[in-house]
1. Determine which member of the set 402, 398, 392, 388 is more than 30 Å from residue 235 (Cβ to Cβ), more than 16 Å from ligand 2 (Cβ to nearest atom), touching a residue at least 60 places away in the same chain (Cβ under 8 Å) and open to solvent by 30 Å² or more (accessible area, probe 1.4 Å).
2. Give all pairs with beta carbons closer than 6 Å in which a residue from region 216-241 that is of a type in the set (Asp, Glu) meets a residue that is in a loop (DSSP other than H, G, I, E, B) and surrounded by 14 or more Cβ atoms within 10 Å (Cβ to Cβ); count only pairs at least 6 apart in sequence or on separate chains.
3. Please verify whether region 354-364 includes one or more residues that are surrounded by 19 or more Cβ atoms within 10 Å (Cβ to Cβ) and either on the phi > 0 side of the Ramachandran plot or within 16 Å of ligand 2 (Cβ to nearest atom) (or both).
4. Give the residues of region 202-221 that are within 30 Å of residue 433 (Cβ to Cβ) and hydroxyl-bearing (Ser, Thr, Tyr), sorted by residue number.
5. Looking at the structure I just gave you, is residue 411 assigned to a strand (DSSP E or B) and not hydrophobic (A, V, I, L, M, F, W, C)?
6. Output the residue which, of all residues in region 114-140 that are of a type in the set (A, V, I, L, M) and buried (at least 22 other Cβ atoms within 10 Å of the Cβ), is farthest from ligand 2 (Cβ to nearest atom).
7. Got at least one residue in region 350-372 being touching a residue at least 40 places away in the same chain (Cβ under 8 Å) and within 13 Å of ligand 1 (Cβ to nearest atom)?
Amino acid sequence: MTESATAPETQPIDPAVEAALQASAEARANTLLEFARIPSVSAQPEFAEDVARAAEWLGDRLRTLGATDVEVIRTAIHPIVYGRIHEAPGAPTVIVYCHFDVQPVDPIDLWETAPWDPFVRDGRFVGRGVADDKGQIVMHLGAIEALRAAGKAPAVNLTFVFEGEEEYGSESLTAWLPENRDRLQADAVVISDTAYFEGNLPAITIGLRGIMYAQIDVELSPVDLHSGQYGGTVQNPANALAKILASLVGPDGRIRIPGFYDDVVALTDEERAAIAALPFDDETYRAGIPVEALVGEAGWSTLERKGARPTLDVNGLWSGFVGEGAKTIIPAHAHAKLSTRLVANQDPAKVFAALRDFVAEIAPPGVRVTTHYIHGGDPSLTPMDHPATQAAARAIEAVYGAPPVYIREGGSIPVTAVFENGLGLPVVLAGFCQPSCNAHAPNEWLLVDNFERGTRVIVRLWDELAALRA
Ligand code: BES
Ligand code: ZN
């Protein structure tokens with residue numbers, strides 16, 4: 001891409017593209033609002049048609065932007081959207097990955113307004129998906145639209161892979177990627193589905209945790225039993241489940257499943273020092289949630305525990321009578337959904353087997369206990385000195401006037417490791433949300449300023465990546 005040698009450092013992108021972005025600000029904001037009105041919840045089957053509609057919407061947008069080979073690909077669960085803008089002969093090819101599905105909106109009564117009726121107020125977009133991840137998709141679309149308006153094309157060849165199943169474990173795309181190597185020839189992958197650091201400090205994520213999601217079912221009898229008639233003579237499934245769950249994590253916060261930590265790559269002293277050097281304050285973090293106290297595995301800092309150590313959390317728990325008042329029963333059954341967040345080099349399948357065997361071993365007598373796998377994804381760790389990562393750092397610095405920090409995130413993007421290990425491509429995690437954006441919670445939001453600057457980072461990033469080849 002052309003950039004005059006005398007251009008001042010304060011001019012992060014081509015003036016014609018900047019002018020196009022300024023002229024299109026309102027239209028781009030409306031595009032995000034329109035996209036976010038589609039309730040594309042991947043985890044709830046009743047929204048399957050809406051996920052498909054979001055896929056079609058996105059396919060149409062790509063076609064409008066002049067993408068070729070646009071395809072909305074059906075899978076056993078939710079669609080994948082593919083398309084290419086390959087107009088830079090000889091330049092590197094970059095895969096852009098984001099997801100157009102969103103998390104459920106419950107508890108709906110805690111939303112200020114309807115979650116599917118997004119709006120802009122006080123410099124923020126508010127609505128389900130505006131941050132995670134539709135806002136970031138629209139930043140990518142807006143960057144291309146502005147290049148087009150300025151009579152230009154992206155300086156690198158772009159291959160778009162958008163999925164509708166990220167919030168549900170990415171099973172379909174995990175299988176599809178290695179089966180479609182031929183149309184995924186590339187030099188790097190840019191994933192925009194992460195956040196900046198605390199306080200909206202621009203950041204590049206170098207580590208994501210993996211996940212293993214499972215359910216434990218404890219069954220006693222076909223129906224609830226009278227707790228007076230039968231109490232003291234049979235096993236109570238809720239009590240049994242509580243015992244099982246209580247045995248999984250010790251008082252020191254360490255997970256008790258035998259072999260659980262076997263494959264965890266130890267943090268080096270240098271890595272610990274880099275994490276400790278980040279501008280992070282435990283008290284500010286605590287107060288921002290807000291909770292009474294921060295707790296976790298002994299011997300590790302808060303940032304280490306959230307980004308570089310594995311965890312085990314119960315996500316849901318149900319059994320017996322939960323209405324108002326009282327009912328004297330021994331529940332027929334009890335259930336828990338739980339997930340472990342994994343770090344390099346833990347393997348979700350291996351962790352599941354270890355959990356299942358341990359649960360079977362400690363299960364109290366008199367009930368039938370089964371553990372089943374729901375979904376999983378590998379952890380990922382990117383070297384921060386990779387040229388593509390450094391190109392992203394320069395793009396961020398050009399737009400924000402300061403270099404980004406490098407962080408490890410506690411969340412998961414399952415296909416990151418598939419791009420890295422399955423396709424052998426370097427991945428740059430360049431996302432533009434604020435960490436406190438209420439992702440997965442009521443009143444999800446995105447700063448309009450991050451939306452605008454993120455779009456400019458993307459425009460600049462294509463130039464920086466193109467320059468690598470030269
Ligand atoms: N965007 C998040 C991942 C993320 C969270 C990145 C926090 C950086 C900071 C993503 O959409 C997500 O929430 N993923 C799920 C994946 C799971 C359902 C397999 C997650 O982490 O819970
Ligand atoms: Zn996301």
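1. That would be 402, the only listed residue that is more than 30 Å from residue 235 (Cβ to Cβ), more than 16 Å from ligand 2 (Cβ to nearest atom), touching a residue at least 60 places away in the same chain (Cβ under 8 Å) and open to solvent by 30 Å² or more (accessible area, probe 1.4 Å).
2. 224/331; 224/332
3. No - not one qualifying residue is present in region 354-364.
4. Correct list: 205, 213.
5. Here the answer is no, as residue 411 does not meet what is asked.
6. Applying the filter and picking the extreme gives 126.
7. No: zero hits.
A quick yes/no check of all residues on (1) at pLDDT 95 or above; (2) open to solvent by 60 Å² or more (accessible area, probe 1.4 Å); (3) over 25 Å from the mean Cα position of the chain (by Cα):
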site: 240; (1), (2), (3): yes, no, yes
site: 248; (1), (2), (3): yes, no, yes
site: 302; (1), (2), (3): yes, no, no
site: 319; (1), (2), (3): yes, no, yes
site: 328; (1), (2), (3): yes, yes, yes
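The values are calculated or read from the model by the stated rules, or taken from the named source; none is laboratory data. The structure presented is a predicted model; accordingly, all values stated were derived computationally and were not measured. No Cβ is skipped: glycine too gets one built from the backbone with ideal geometry, and neighbour counts run over all protein chains shown. These area figures cover heavy atoms from the full protein model, side chains too; ligands, DNA and RNA do not enter into them. Shrake-Rupley method; radii C 1.70, N 1.55, O 1.52, S 1.80 Å.
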